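Structure first, commentary second.
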Amino acid sequence: MSRHIFVTGGVVSSLGKGLTSASIGMLLERRGLKVRMQKLDPYLNVDPGTMSPYQHGEVYVLDDGSETDLDLGHYERFTSGTLNRHSNYTTGQIYSSVIEKERRGEYLGRTVQVVPHITDEIKSCILSLATPDVDVVITELGGTVGDIEGLPFLEAIRQIPLDIGKENCMFIHLTLVPYLKAAREAKTKPTQHSVQQLREIGIQPDILIVRTERPIGREHTDKIALFCNVEKRAVIEEVDKEFSIYEVPVGLVEHGLDELICQKLHLTPGPLQMEDYRQLVHRIRNPRFEVTIAVVGKYIEHRDAYKSIYESLDHAGFATSTSVIVKRIEAEELERQGPEILLKGVDGILVPGGFGMRGIEGKIQAVQFARECEIPYFGICLGMQCAVIEFARNVLGLKDANSSEFSGDTQHPVICLLEGQKGVNRKGGTMRLGAQPCVIAEGTRTAAAYGLPEISERHRHRYEFNPEYRKEFTDAGMAIAGTSPDGTLVEIVELVRHPWFVAVQYHPEFKSKPHKPHALFKGFVEACLARHQLRAGVGISENSVSNS
Ligand code: GLN
């Protein structure tokens, strides 16, 4: 019988509930258990695919093409299981499905209500993950306890122990214990109130994880235990991590969280295998080198908008003992100030994915600067399209070259709409999405990085390299390093005469893990490091770095 862990959050949002849930998943896996992760989001959007990155941060794409919440990125980075469309449900999806059933007459004329029909639908989404091979299903509930829109979800998880047995379920609640400078004291009251709210609904948390800026000590955790009706040993503090989010699981082990969960759920798995992970954390804390990489994008001030890209750069840094400093540059600011000022001294330039016209010319200037100054360049999705436009304009001399996304009447649409995209009007879930195979050309930098003739990577775009221009590009030195297996779609381009200039139509950032960086991110960071060291006069050549 699979066990269920429900993770809720209280007091404030952005507590790192996704990270904590993913860490719990990691610890249980490292005790030999088979874990499934799931996120329930109480908003009405059917998926985050149509939401602004300002509102929602990055859209995380899965192999099956689902556009999901960015917490699923944490799940995939921390645990081994691949996720699919059942790993993320929103209120929008739940209601759509109930309304469809109602239209089909499946409720046989009964009045359709939040309780039991919406709650039953939620319960079936949760319980469907509990297949016989799964030991533990971890379901994280988005939002904060007390939000009106979260109520049907809380009601559904309240009912589940009654359906499948209390002993098979556990509630973990994450809260904040703020430190008030004026009073020089950590305050437990918001946590008490948040748990009170949960208990009013009928949920008694089994474990409380309290997020704090600085250690709060037993006195406070014991007080929380008493007022929240939780065992003393089940109040666990999770102090902000100094270096990296990847330290979170180690901190939770120190407080015995894995053992506590296993005891409470009557699980008797093997011992915790954390040695390699501890070594990784040691490497993260003690880098030997440093590089600065400019990320030129549109949603730069929003830390979560390019979440997986920042994580992937870090992973590549972990593998090369390099601390990657990201210089986040607003593309429109680059248009105003010019690349010489904003990109001076960086060791590498990355242009991430994006949509719409704003900032495009700044991104194209960044590409030009990288190409002409021989600075390592990594283009991702829109970053690849910008590289193609820049090359067309400044090397091929096609002055008004553009993507038909930005200019309907350009003479040279070097990036144009995918055949299957013409006539698509609906916005949600209609792009070229999910895992697609790609064949890599021999002798390219990409081939060297991957060491594989064929790969599979995740996509999320409508436009593509216009095949009519292929010959002109390759003749002038922009090689086509990867295509779809039938050879029709260009997936990867490279500059032949450049230290490291690779641009891909897909999103490699969704497949990088802390202990297994993505091949291209690793290749890129190695190239940035080589440039940094050459400039610093250490005299290490690019080859010696990539071979190390
Ligand atoms: N806007 C571009 C397209 O739709 C790029 C998309 C992206 O970068 N994810 O093709």
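The values are calculated or read from the model by the stated rules, or taken from the named source; none is laboratory data. This one's a predicted model, so the numbers in the text were calculated from it and none came from an experiment. Note that each Cβ is placed from the backbone with ideal geometry, even for glycine, and that neighbours are counted across all protein chains shown. These accessible areas exclude ligands, DNA and RNA; they are computed on the full protein's heavy atoms, side chains included. Shrake-Rupley method; radii C 1.70, N 1.55, O 1.52, S 1.80 Å.
Has segment 388-407 got at least one residue that is part of a strand (DSSP E or B), closer than 28 Å to Pro453 by Cα, open to solvent by less than 40 Å² (accessible area, probe 1.4 Å) and at pLDDT 95 or above?
For segment 388-407, residues part of a strand (DSSP E or B), closer than 28 Å to Pro453 by Cα, open to solvent by less than 40 Å² (accessible area, probe 1.4 Å) and at pLDDT 95 or above: absent.
For the subset of segment 289-298 comprising residues that are open to solvent by 10 Å² or more (accessible area, probe 1.4 Å) and touching a Gly at 6+ places or on another chain (Cβ under 8 Å), which member is modelled with the lowest pLDDT?
Only one residue fits best here, namely Lys298.
Name the single residue, out of those in segment 343-360 being of a type outside the set (Gly, Ala, Ser), open to solvent by 10 Å² or more (accessible area, probe 1.4 Å) and without any contact (Cβ under 8 Å) to a residue 60 or more places away in the chain, that is farthest from the ligand (Cβ to nearest atom).
Taking the candidates together, the pick is Lys344.
Do you know which residues across segment 256-272 are open to solvent by 90 Å² or more (accessible area, probe 1.4 Å) and modelled with pLDDT under 95?
Matches in segment 256-272: Thr268 only.
Can you tell me which residues in segment 244-303 are free of Cβ contacts under 8 Å to residues at least 60 places away in the same chain, touching an Asp or Glu at 6+ places or on another chain (Cβ under 8 Å) and either of a type in the set (Asp, Glu) or on the phi > 0 side of the Ramachandran plot (or both)?
The answer is Glu301, and nothing else.
Tell me, please, whether a residue that is buried (at least 19 other Cβ atoms within 10 Å of the Cβ), closer than 30 Å to Asn45 by Cα and of a type in the set (Val, Ile, Thr) can be found in segment 439-457.
Checking segment 439-457: not a single residue is buried (at least 19 other Cβ atoms within 10 Å of the Cβ), closer than 30 Å to Asn45 by Cα and of a type in the set (Val, Ile, Thr).
Checking Met478 against (1) open to solvent by 40 Å² or more (accessible area, probe 1.4 Å); (2) away from the ligand (no atom under 16 Å from the Cβ); (3) farther than 16 Å from Ala316 by Cα, only one condition comes out false. Which one?
Among (1) open to solvent by 40 Å² or more (accessible area, probe 1.4 Å); (2) away from the ligand (no atom under 16 Å from the Cβ); (3) farther than 16 Å from Ala316 by Cα, Met478 violates only (1).
Would you check if there is a residue in segment 106-116 being within 30 Å of Arg31 (Cα to Cα) and touching a residue at least 12 places away in the same chain (Cβ under 8 Å)?
No, the conditions are met nowhere in segment 106-116.
Residues are listed down the side, and each one gets a yes or a no for (1) aliphatic (A, V, I, L, M); (2) within 16 Å of the ligand (Cβ to nearest atom); (3) under 29 Å from the mean Cα position of the chain (by Cα):
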{"position": "Cys373", "(1), (2), (3)": "no, no, no"}
{"position": "Ser403", "(1), (2), (3)": "no, yes, yes"}
{"position": "Phe406", "(1), (2), (3)": "no, yes, yes"}
{"position": "Leu433", "(1), (2), (3)": "yes, yes, yes"}
{"position": "Val439", "(1), (2), (3)": "yes, no, yes"}
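For the subset of segment 458-475 comprising residues that are of a type in the set (Lys, Arg) and under 20 Å from the mean Cα position of the chain (by Cα), which member is most open to solvent (accessible area, probe 1.4 Å)?
Arg460
Residue-by-condition table, conditions (1) closer than 30 Å to Cys386 by Cα; (2) buried (at least 17 other Cβ atoms within 10 Å of the Cβ); (3) over 23 Å from the mean Cα position of the chain (by Cα); (4) modelled with pLDDT of 95 or more:
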{"site": "Leu280", "(1), (2), (3), (4)": "no, yes, no, yes"}
{"site": "Ile300", "(1), (2), (3), (4)": "yes, yes, no, no"}
{"site": "Leu313", "(1), (2), (3), (4)": "yes, yes, no, yes"}
{"site": "Thr322", "(1), (2), (3), (4)": "yes, yes, no, yes"}
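For segment 167-194, what are the residues that are hydrophobic (A, V, I, L, M, F, W, C), part of a loop (DSSP other than H, G, I, E, B) and under 28 Å from the mean Cα position of the chain (by Cα)?
Val177, the sole residue that qualifies.
Mind listing whichever residues of segment 1-57 are at pLDDT below 95, over 21 Å from Leu174 (Cα atoms) and open to solvent by 40 Å² or more (accessible area, probe 1.4 Å)?
Correct list: Met1, Leu44, Asn45, Val46, Thr50, Ser52, Tyr54, Gln55.
Could you please give the count of residues in segment 370-387 that are part of a loop (DSSP other than H, G, I, E, B), in contact (Cβ under 8 Å) with a residue 40 or more places away in the chain and of a type in the set (A, V, I, L, M, F, W, C)?
2
Has segment 247-254 got at least one residue that is more than 25 Å from the chain's Cα centre (by Cα) and over 30 Å from Leu343 (Cα atoms)?
Yes, because at least one residue in segment 247-254 is more than 25 Å from the chain's Cα centre (by Cα) and over 30 Å from Leu343 (Cα atoms).
Spot the failing condition for Lys363; the list is (1) away from the ligand (no atom under 16 Å from the Cβ); (2) in contact (Cβ under 8 Å) with a residue 60 or more places away in the chain; (3) part of a helix (DSSP H, G or I); (4) not small (Gly, Ala, Ser), and only one is missed.
(1)
Pairs please, first residue from segment 411-427 and away from the ligand (no atom under 13 Å from the Cβ), second anywhere and not aliphatic (A, V, I, L, M), Cβ atoms under 6 Å, 6+ apart in sequence or on different chains.
These pairs meet every condition: Gln411/Asp400.
Quick grid of which residues meet (1) among the aromatic types (Phe, Trp, Tyr); (2) on the phi > 0 side of the Ramachandran plot; (3) open to solvent by 40 Å² or more (accessible area, probe 1.4 Å):
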{"site": "Glu200", "(1), (2), (3)": "no, no, yes"}
{"site": "Asp206", "(1), (2), (3)": "no, no, yes"}
{"site": "Thr212", "(1), (2), (3)": "no, no, no"}
{"site": "Glu219", "(1), (2), (3)": "no, no, yes"}
{"site": "Leu226", "(1), (2), (3)": "no, no, yes"}
{"site": "Asn229", "(1), (2), (3)": "no, yes, yes"}
{"site": "Arg233", "(1), (2), (3)": "no, no, yes"}
